[in-house]
Amino acid sequence: MPEPLLRVRNLAKSFPLPRSPLDAVRRCPCEAVHAVDGVSFDVARGRTLGLVGESGCGKSTLGRCLLRLYRPDAGEVWFDGVDLVRLEEPDLRPYRKRMQVVLQDPYSSLDPRQTVGSALLEVLGVHGIGSPADRPERVARLLTQVGLRPPDARKYPGEFSGGQRQRVSIARALAVGPELLVADEPVSALDVSIQAQILDLLLELRRSLGLTMIFISHDLRVVRYLSDDVAVMYLGKVVEHAPAPELFARPRHPYTLALLSAIPEVDEPVRPTVEILGEPSSAVHVPPGCRFHPRCPWKVERCLHEVPQLREVAPGHRVACHEARA
Amino acid sequence: MTTLAGELAPPRAARTRVPTGLAAGATMLLALLGASALAPVLTSYDPYAQNLNAMLLPPSAAHWFGTDNYGRDVFTRVLYGAAIDLRIAVLAVVFPFVFGAVAGAVAGYLGGWVDAAVMRAVDVITAVPFMVLVIAIVAFLGPGELNILVAIGVVDWIVFARLVRGEVLRDKHLEYVTALRALGFSRARIVLRHLLPNALPPAAVFLASDIVLVILTTSALGFLGLGVRPPAPEWGLMISEGRAFIYTGWWAAAMPGFACMYAGIAFILVGDGLADLLRVRGQ
Amino acid sequence: MTEPGLVVDGLTVEIPTSRGVVRAVRGVTLSVAPGEAMALVGESGSGKSMTCRAIVGLLHPPARITAGAVRFQGRDLAGLSEPEFERIRGTGIAMVFQDPMSALNPVLTIERQVAEALPAASSPPRERRRQVVALLRQVGIADAERRLRAYPHQLSGGQRQRVMLAIVLARRPAVLLADEPTTALDVTIQAQILKELRRLQAQLAMSLVLVTHDLGVVRQTVQRVAVMYAGQVVELAPTAALFARPRHPYTAGLINSVPSVDRRAALAPIPGTPPDPVGLGDGCAFAPRCPIASAECLRGEIPLRAVADGHWSRCLKAHVVGGARVAGTAAQGS
């Protein structure tokens with residue numbers, strides 16, 4: 001069994017909140033937003049992990065920690081046998097070629113003053129890919145690969161539509177030849193019909209390039225379409241993690257059930273509805289015990305003070321809930 | 001998300017038309033420079049030659065702008081003075097623009113103590129009125145063209161720094177910056193090759209107004225006897241010397257004043273036009 | 001007998017731009033009966049938001065209505081002056097927008113903003129407060145009394161949207177136009193808000209026009225759907241009928257573009273991009289992207305025709321458009 005490409009262990013990241021000088025003098029403890037609080041998972045080579053959750057669950061922060069755009073406060077990120085958390089910036093450079101990102105907003109993810117072609121050439125130049133003579137051809141090939149045309153290289157981002165700009169972002173990420181692609185809500189800002197085009201593009205690229213992907217989204221429908229495994233996050237922790245068909249067929253955590261019930265589906269619903277009330281708690285003052293307990297319809301006494309750990313309830317299917325139904 | 005701009009399908013690439021304001025301003029400047037360069041051809045008078053028989057003559061066919069109180073032809077002196085004033089104006093803003101933009105960009109991007117240091121320097125310089133500080137420095141260093149450049153250089157960079165820093169503070173959160181960091185681009189590259197060019201348009205527009213300000217400052221320094229020394233035909237000096245004769249020979253002071261106005265209008269037109277020009281296709 | 005409800009008749013909205021005239025809404029006709037819930041579905045540039053703004057007279061100049069009429073309870077709204085319109089807005093027709101943060105005044109408390117919306121009849125402050133609390137409870141804000149003194153930035157997105165609803169409902173409007181009210185919200189909150197909307201609609205016998213791009217929301221919330229593309233209504237039908245058998249290739253394409261949690265079938269994205277709104281002429285605007293288009297689709301004005309009971313389509317080939325949820329092209333034999 002080959003080593004997973006990515007192994008994450010107990011990753012944690014908090015963002016301290018600014019204190020007023022008065023509080024500092026009174027030595028009030030510094031409050032922080034606990035964005036990611038002890039997350040562990042593996043991703044095997046060539047597989048796609050879908051990270052799902054609503055706003056504030058920490059999925060975007062987690063993605064950025066994996067790419068070392070943030071420095072995690074604790075935990076390990078083992079990429080191909082090397083812990084990236086331990087590395088400093090110059091040593092991280094070669095790894096930046098092997099893991100890339102596609103972000104959400106097509107209107108701000110490209111430098112508006114750079115033509116698409118020169119942006120791609122710059123990426124190739126900075127990483128010394130190819131020779132200056134053959135780089136223009138590589139750029140042409142990259143553009144074709146994402147469904148654009150080589151003459152588009154002369155255009156500025158402002159001359160493209162949202163969907164086309166996302167294609168350019170994907171081309172830029174692929175320019176360095178990564179093995180891992182982290183896609184953080186890549187289609188959320190696009191129209192439905194364009195979303196479908198970009199999803200199919202990602203599907204095709206994954207197949208032809210053998211990419212390992214982490215697909216972050218709040219939309220379970222989209223995650224279902226692309227992912228092999230799915231991890232559901234809530235307030236900084238993974239609450240359920242299973243292969244996609246298993247998770248959608250037999251969800252065990254009440255939050256997962258609630259998410260699935262809440263999706264407005266075009267087809268008739270096939271599963272029982274679980275409704276949860278209220279709003280997510282604050283990530284600054286995290287509820288004791290199970291973080292979900294204030295909203296959970298299944299809660300019992302235990303949930304109020306004992307933090308549930310992820311435990312395996314079926315092959316490959318882990319749930320963090322005291323009351324997970326078998 | 002659904003702005004009209006986002007709804008329109010990508011426009012065909014338009015040719016970058018030169019805006020009329022920019023063309024007009026540039027033409028005015030070129031005319032001035034040309035006239036100044038061609039001064040020996042356009043006028044046979046010597047800007048320094050005094051003719052006490054021809055003092056304060058009104059504008060006529062022989063003297064288009066009249067003569068000043070030393071009998072020198074005002075038109076000639078305005079033309080020769082253009083070279084001085086324009087040279088000082090353009091040179092004086094180069095350092096503030098370049099240094100200010102870079103300092104502002106670096107401060108804005110790095111934040112922390114770098115930003116604090118730069119901003120405190122800006123605060124200190126802002127605390128003293130511009131003219132007062134320039135005058136003080138020139139008074140300390142002594143009059144002369146080079147010292148004017150130094151004084152303005154020390155004081156004027158702060159506006160550019162603030163403008164660029166503001167843009168960078170906002171832009172550094174844009175997603176393309178995150179993407180470039182993930183691509184392993186160095187901070188220097190991100191700031192200097194990406195954020196700075198995007199932050200320049202407001203600074204470039206201000207550059208034009210700043211040149212006008214420098215012209216006026218130079219003139220003021222000349223007026224005060226702190227800048228270019230007589231008998232150089234610098235416009236401010238001419239205004240200063242001609243002031244005493246406003247009622248008997250208004251042209252001696254007014255003509256160089258009109259010249260300042262002309263140059264000022266030209267630069268402002270150029271500045272506004274630059275803003276349009278700097279907008280890249282699709283923005 | 002005046003015709004009840006809201007009727008939009010041949011509405012056309014044009015916006016002059018430097019590149020030419022943009023016809024954002026082109027001859028839109030639809031009607032909403034009292035108590036009915038209807039959805040306007042479309043993507044960016046379809047004209048759905050413009051239509052709503054035109055109805056309540058909130059178009060930003062230079063956009064303006066150049067043809068057609070909007071009639072509310074029999075009254076033509078087109079010729080109304082601004083003061084007259086102000087009387088209709090709020091009590092007659094009310095609108096909620098997508099981003100509640102920019103719709104609420106950040107420097108006023110919640111109580112103040114909801115109270116402002118109460119009918120102008122003078123009541124003692126205690127009575128007005130009681131009404132505000134009742135409204136907030138009605139839209140599902142827990143702990144309403146404690147929230148009275150809160151400011152918008154202290155509330156979450158879902159709560160702000162509920163406050164928007166409370167403000168709008170204070171006047172008991174006959175028609176509520178909701179422009180993507182839940183798009184910016186998490187899916188669990190969206191489910192709650194939509195449920196509130198349905199409940200309030202039933203309770204107050206209010207008409208609802210829900211503008212959205214999410215077909216799933218449409219399926220769960222409304223009785224009738226109008227699908228818009230490039231400024232025109234291309235299909236109009238009861239919800240069940242629309243999803244069971246769409247009669248316009250764009251509708252079918254949209255339905256096939258939405259992934260589902262329960263099916264892993266391939267998506268069939270619609271190729272190409274929406275047309276440039278400048279220079280839209282005759283013929284079907286969708287034809288360049290349509291799998292079943294032919295020469296006749298590009299000429300002449302194509303009308304909205306009835307293809308079944310209460311089901312209208314602007315496709316010349318409505319009879320060949322395929323069945324429910326096909327994975328593949330929209331065309332199928334009839």
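So, C:ALA252, is that one more than 7 Å from chain A (Cβ to nearest Cβ), in contact (Cβ under 8 Å) with a residue 40 or more places away in the chain and in a loop (DSSP other than H, G, I, E, B) or not? Before you say what the answer is, go through the steps one by one.
Numbers: more than 7 Å from chain A (Cβ to nearest Cβ): yes; in contact (Cβ under 8 Å) with a residue 40 or more places away in the chain: yes; in a loop (DSSP other than H, G, I, E, B): no.
Considered against the rule, which asks whether it is more than 7 Å from chain A (Cβ to nearest Cβ), in contact (Cβ under 8 Å) with a residue 40 or more places away in the chain and in a loop (DSSP other than H, G, I, E, B), C:ALA252 comes out as no.
Within the stretch C:266-273, can one find any residue that is surrounded by fewer than 24 Cβ atoms within 10 Å (Cβ to Cβ) and closer than 26 Å to C:LEU177 by Cα?
No, the conditions are met nowhere in the stretch C:266-273.
Consider the stretch A:116-146. How many of its residues are part of a helix (DSSP H, G or I) and either under 29 Å from the mean Cα position of the chain (by Cα) or among the hydrophobic types (A, V, I, L, M, F, W, C) (or both)?
Within the stretch A:116-146, residues that are part of a helix (DSSP H, G or I) and either under 29 Å from the mean Cα position of the chain (by Cα) or among the hydrophobic types (A, V, I, L, M, F, W, C) (or both) number 19.
Give me a count of the residues in the stretch C:185-215 that are surrounded by 19 or more Cβ atoms within 10 Å (Cβ to Cβ) and farther than 14 Å from C:LEU165 by Cβ.
Of the residues in the stretch C:185-215, 11 are surrounded by 19 or more Cβ atoms within 10 Å (Cβ to Cβ) and farther than 14 Å from C:LEU165 by Cβ.
Is there a residue being touching an Asp or Glu at 6+ places or on another chain (Cβ under 8 Å), among the small types (Gly, Ala, Ser), surrounded by fewer than 17 Cβ atoms within 10 Å (Cβ to Cβ) and not in a helix (DSSP H, G or I) anywhere in the stretch C:73-91? Break it down into steps so the answer makes sense when it comes.
If we filter the stretch C:73-91 for residues that are touching an Asp or Glu at 6+ places or on another chain (Cβ under 8 Å), which is where we start, we get C:73-74.
Narrowing further to those that are among the small types (Gly, Ala, Ser): C:74.
Keeping just the survivors that are surrounded by fewer than 17 Cβ atoms within 10 Å (Cβ to Cβ) gives C:74.
Those still in the list that are not in a helix (DSSP H, G or I) too: C:74.
Checking the stretch C:73-91: at least one residue is touching an Asp or Glu at 6+ places or on another chain (Cβ under 8 Å), among the small types (Gly, Ala, Ser), surrounded by fewer than 17 Cβ atoms within 10 Å (Cβ to Cβ) and not in a helix (DSSP H, G or I).
Exactly one condition in (1) more than 14 Å from every other protein chain (Cβ to nearest Cβ); (2) under 27 Å from C:VAL222 (Cβ atoms) is false for C:GLY158; which is it?
(1)
Of all residues in the stretch A:59-87, count the ones that are surrounded by fewer than 17 Cβ atoms within 10 Å (Cβ to Cβ) and either within 13 Å of another protein chain (Cβ to nearest Cβ) or at positive phi (or both).
Qualifying residue count for the region: 6.
State all residues of the stretch A:171-190 that are within 11 Å of chain B (Cβ to nearest Cβ), among the aliphatic types (A, V, I, L, M) and part of a helix (DSSP H, G or I); if no residue qualifies, say none.
Scanning the stretch A:171-190 gives a single hit, A:ALA173.
Okay, residues lined up against (1) surrounded by fewer than 19 Cβ atoms within 10 Å (Cβ to Cβ); (2) assigned to a helix (DSSP H, G or I); (3) charged (D, E, K, R); (4) out of contact with any strand residue (DSSP E or B) (no Cβ under 9 Å at 6 or more places or on another chain):
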site	(1), (2), (3), (4)
B:VAL155	no, yes, no, yes
B:VAL164	no, yes, no, yes
B:TYR176	no, yes, no, yes
B:ALA179	no, yes, no, no
B:ARG189	yes, yes, yes, yes
B:LEU221	no, yes, no, yes
B:VAL228	no, no, no, yes
B:GLY236	no, yes, no, yes
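Please indicate, with yes or no, whether at least one residue in the stretch A:181-189 is within 30 Å of C:PRO275 (Cα to Cα) and acidic (Asp, Glu).
Just the residues of the stretch A:181-189 that are within 30 Å of C:PRO275 (Cα to Cα), to begin with: A:183-189.
Now narrow it down to the ones that are acidic (Asp, Glu): A:184-185.
Yes, the stretch A:181-189 contains at least one residue that is within 30 Å of C:PRO275 (Cα to Cα) and acidic (Asp, Glu).
Residue check: is A:SER193 crowded, with 21+ Cβ neighbours inside 10 Å, closer than 22 Å to A:ARG165 by Cβ and without any contact (Cβ under 8 Å) to a residue 12 or more places away in the chain?
Here the answer is yes, as A:SER193 does meet what is asked.
Got a sec? Which of C:LEU316, C:LEU236, C:LEU280 is in a strand (DSSP E or B) and away from chain A (no Cβ under 14 Å)?
Checking each option against the conditions leaves just C:LEU236.
Would you kindly identify the strands (runs of 3 or more DSSP E) lying entirely within the stretch C:1-60 that contain at least 3 residues that are modelled with pLDDT of 90 or more and either closer than 11 Å to C:GLY231 by Cα or hydroxyl-bearing (Ser, Thr, Tyr) (or both)?
C:6-17, C:20-32
Name the residue, out of A:VAL266, A:VAL232, that is in contact with a Gly (Cβ under 6 Å, 6 or more places away or on another chain) and β-branched (Val, Ile, Thr).
The match here is A:VAL266.
Please state which of the following conditions A:PRO280 fails to meet, knowing it meets all the rest: (1) part of a loop (DSSP other than H, G, I, E, B); (2) in contact with a helix residue (DSSP H, G or I) (Cβ under 8 Å, 6 or more places away or on another chain); (3) without any contact (Cβ under 8 Å) to a residue 24 or more places away in the chain.
It is condition (3) that A:PRO280 fails.
For the stretch A:64-84, give me each residue that is of a type outside the set (Asp, Glu), within 19 Å of the chain's Cα centre (by Cα), farther than 19 Å from B:PHE185 by Cα and not in a loop (DSSP other than H, G, I, E, B).
Listed by number, the residues that qualify are A:ALA74, A:GLY75, A:VAL77, A:TRP78, A:PHE79.
Residue-by-condition table, conditions (1) touching a strand residue (DSSP E or B) at 6+ places or on another chain (Cβ under 6 Å); (2) within 23 Å of A:GLY316 (Cα to Cα); (3) within 14 Å of chain B (Cβ to nearest Cβ):
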position	(1), (2), (3)
A:TYR156	no, no, yes
A:GLN164	no, no, yes
A:SER193	no, no, yes
A:GLU204	no, no, no
A:PHE215	yes, yes, no
A:ALA242	yes, yes, no
A:GLU246	yes, yes, no
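Would you point out the residue of the stretch B:238-279, among those that are part of a helix (DSSP H, G or I) and of a type in the set (Ser, Thr, Tyr), that is surrounded by the fewest Cβ atoms within 10 Å (Cβ to Cβ)?
Step by step, filter the stretch B:238-279, then rank; the result is B:TYR262.
Can you pull out the residues in the stretch A:309-326 that are in contact (Cβ under 8 Å) with a residue 12 or more places away in the chain and within 23 Å of the chain's Cα centre (by Cα)?
A:LEU310, A:GLY316, A:HIS317, A:ARG318, A:VAL319, A:ALA320, A:CYS321 - these are the residues of the stretch A:309-326 that are in contact (Cβ under 8 Å) with a residue 12 or more places away in the chain and within 23 Å of the chain's Cα centre (by Cα).
Criterion first (under 16 Å from the mean Cα position of the chain (by Cα) and at pLDDT 90 or above) does A:SER227 satisfy it?
Considered against the rule, which asks whether it is under 16 Å from the mean Cα position of the chain (by Cα) and at pLDDT 90 or above, A:SER227 comes out as yes.
The values are calculated or read from the model by the stated rules, or taken from the named source; none is laboratory data. This is a predicted model, so every value here is computed, not measured. Cβ atoms come from the backbone with ideal geometry, glycine included; neighbour counts cover every protein chain shown.
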